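Novice: One structure coming up, written as structure tokens, with questions to follow.
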């Protein structure tokens, strides 16, 4: 995993994103929280949906938001960023089919 853009954080401190305005106005349930720690990923998650296909749609929505960020903040277009993420995702899926995933539980 790539490291965070800034290594300015002091030990024991973390940055937290703001709650989106529509959640403040209407309420909602947090289902996923992700942090980068020393270049690795730590997450808090709850199942939240009866059908795992809903997670597939959620993850695709997240990928589109991320691609949009790259399209606005880098020289990559949104389409290039999304295509690159999808290539890596495909590679990771292939790798995960042959690996033990029990170590992913935090």
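None of the figures in this text is laboratory data; all of them are computed from the coordinates on show. All values derive from a computational prediction rather than experimental measurement. Every residue, glycine as well, gets a Cβ built from its backbone with ideal geometry; the counts of neighbours run over all protein chains shown.
Novice: Which of 70, 65 comes first, and how do the rest follow, when ranked by fewest Cβ neighbours within 10 Å? Spell out each step's value before the answer.
Specialist: Values: 70 17, 65 9.
Sorted ascending by nearby Cβ count, the order is 65, 70.
Novice: Round to the nearest 0.05 the FRET efficiency obtained for residue 45 and residue 87 when R0 = 25 Å and r is the Cβ-Cβ distance. Present the calculation step by step, with values, prior to reporting the outcome.
Specialist: Working: r = 25 Å, r/R0 = 0.99.
About 0.50, to the nearest 0.05.
Novice: Please give the length that would be gained between residue 29 and residue 96 if that part of the chain were fully extended, namely 0.36 nm times their separation in residues minus their C-alpha to C-alpha distance (nm, one decimal). It would help to have the intermediate numbers written out before the result.
Specialist: Working: separation 67, 0.36 × 67 = 24.12 nm, distance 2.88 nm.
Contour length minus Cα-Cα distance gives 21.2 nm.
Novice: Find how much the distance from residue 80 to residue 53 grows on full extension, using 0.36 nm per residue of separation minus their present alpha carbon separation; answer in nm with one decimal.
Specialist: On the way: separation 27, 0.36 × 27 = 9.72 nm, distance 2.52 nm.
Stretched fully, the residue 80-residue 53 segment lengthens by 7.2 nm.
Novice: Moving on to the next point. Taking R0 as 41 Å, what FRET efficiency do you get between residue 60 and residue 13 from their Cβ-Cβ distance, rounded to the nearest 0.05? Numbers along the way, then the final one.
Specialist: Values: r = 32 Å, r/R0 = 0.79.
According to the calculation, E is roughly 0.80.
Novice: Still on this structure, I have one more. Under 1.5 on a/c is rounded, so check that first for segment 21-104, then, if it is not, pick prolate when a/b is larger than b/c and oblate when it is not; a ≥ b ≥ c are the square roots of the alpha carbon gyration tensor eigenvalues. Please list the in-between numbers first.
Specialist: On the way: a/c = 1.57, a/b = 1.02, b/c = 1.54.
Note, shape of segment 21-104 comes out oblate.
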